[in-house]
Amino acid sequence: MADFGTKVSKPGHSVGEPDAEAKPGNHSAQTIAEMVTGPGLSFLFGAAEQVQRYSEAYSFMDKSPIVGATKCLHEALNLLEDLDTLSHYTQRCGETHALNDTIRNMRNHARHDIRENIDRVDDPRRVKRAEALGIHKNLLVSIGYTKDAIKMGTTVLTLKEINDYISWASTVLTETMEQGIRAGRIVGPTIVNEGNTDGQAAGN
């Protein structure tokens, strides 16, 4: 059975020969940046697909607002999860974006405050996040949907902003991957480090 997936070795080891004796070396900021470009592409493609899925979910609003809102919650959470993961990977590539904090707060509100924090009224992280998102002090959860945006409290994240963010992340990941290709550390779908001294990442 074919073994398709992603592997990352420890510093000094080889993905191709993980049992081989370790060689001196360590990950550098650049090799780490190059290593995250592979898995980063998965969330890049996923985010683009989730924008479409969110729009499809919203289309149910006319027929049944309950069904539409239920579907939108699921698709919005998955979209924010992809975007938040992209923020981590692009930061590993040395780049930040003005929307990173907004995306993270919205992701955590949808992921945690509607789940394990649903009855934790005084949880300091929930309270701080609610204040950042502009959620009313007497509300534990506040998530809304429009055709063109996701809203939490008074914070609005538009699909245009999301698409622009995806385009920005694509540029960051692509340029970082190209640097690795030019340096000979990325060959095809596999990142390799000559002499196995900097660790490896491989994906098929």
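The values are calculated or read from the model by the stated rules, or taken from the named source; none is laboratory data. This is a predicted model, so every value here is computed, not measured. Here the Cβ is made from the backbone with ideal geometry for all residues, glycine too, and neighbour counts use every protein chain on show.
Please go through the range 23-51 and pick out each residue that is of a type in the set (D, E, K, R), part of a helix (DSSP H, G or I) and either more than 19 Å from the chain's Cα centre (by Cα) or surrounded by fewer than 22 Cβ atoms within 10 Å (Cβ to Cβ) (or both).
The answer is 49, and nothing else.
Which numbered condition in (1) over 30 Å from residue 182 (Cα atoms); (2) within 24 Å of the chain's Cα centre (by Cα) is the only one that residue 61 fails?
So the condition that residue 61 fails would be (2).
How many of the residues making up the range 83-99 are under 10 Å from the mean Cα position of the chain (by Cα) and buried (at least 17 other Cβ atoms within 10 Å of the Cβ)?
7
For residue 156, which of the numbered conditions (1) outside any strand (DSSP E or B); (2) under 20 Å from the mean Cα position of the chain (by Cα); (3) under 21 Å from residue 70 (Cα atoms) fails to hold?
(1)
Of 166, 150, 103, which residue is in contact with a strand residue (DSSP E or B) (Cβ under 6 Å, 6 or more places away or on another chain), within 27 Å of residue 60 (Cα to Cα) and in contact (Cβ under 8 Å) with a residue 60 or more places away in the chain?
Numbers: 166 fails: in contact with a strand residue (DSSP E or B) (Cβ under 6 Å, 6 or more places away or on another chain); 103 fails: in contact with a strand residue (DSSP E or B) (Cβ under 6 Å, 6 or more places away or on another chain).
None of the other options fit; the residue is 150.
Here is a yes/no grid of residues against (1) modelled with pLDDT of 95 or more; (2) surrounded by 15 or more Cβ atoms within 10 Å (Cβ to Cβ); (3) within 17 Å of residue 103 (Cβ to Cβ); (4) not hydrophobic (A, V, I, L, M, F, W, C):
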{"site": "119", "(1), (2), (3), (4)": "no, no, no, yes"}
{"site": "124", "(1), (2), (3), (4)": "no, no, no, yes"}
{"site": "141", "(1), (2), (3), (4)": "no, yes, no, no"}
{"site": "144", "(1), (2), (3), (4)": "yes, no, yes, yes"}
{"site": "176", "(1), (2), (3), (4)": "no, yes, no, yes"}
{"site": "185", "(1), (2), (3), (4)": "no, yes, no, yes"}
{"site": "194", "(1), (2), (3), (4)": "no, no, no, yes"}
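So, in the range 32-77, of the ones that are charged (D, E, K, R) and touching a Gly at 6+ places or on another chain (Cβ under 9 Å), which residue ends up farthest from residue 167 (Cα to Cα)? Spell out how you get there, then give the answer.
Here is the first cut: in the range 32-77, the residues charged (D, E, K, R) are 34, 49, 53, 56, 62-63, 71, 75.
Now narrow it down to the ones that are touching a Gly at 6+ places or on another chain (Cβ under 9 Å): 34, 62.
Working: 34: 18, 62: 30 Å.
Restricting to residues being charged (D, E, K, R) and touching a Gly at 6+ places or on another chain (Cβ under 9 Å), the top hit is 62.
Out of the residues in the range 52-70 meeting the condition of being touching a residue at least 12 places away in the same chain (Cβ under 8 Å) and hydroxyl-bearing (Ser, Thr, Tyr), tell me which one is surrounded by the most Cβ atoms within 10 Å (Cβ to Cβ).
54
Go over the candidates 80, 73 one by one and state the one that is closer than 24 Å to residue 126 by Cβ and crowded, with 20+ Cβ neighbours inside 10 Å.
That would be 80, the only listed residue that is closer than 24 Å to residue 126 by Cβ and crowded, with 20+ Cβ neighbours inside 10 Å.
Return yes when residue 16 is modelled with pLDDT of 85 or more and on the phi < 0 side of the Ramachandran plot and no when it is not.
It is false that residue 16 is modelled with pLDDT of 85 or more and on the phi < 0 side of the Ramachandran plot.
Those residues that are more than 12 Å from residue 89 (Cα to Cα) and of a type in the set (A, V, I, L, M, F, W, C), I need them from the range 160-176; list them, please.
Correct list: 162, 166, 168.
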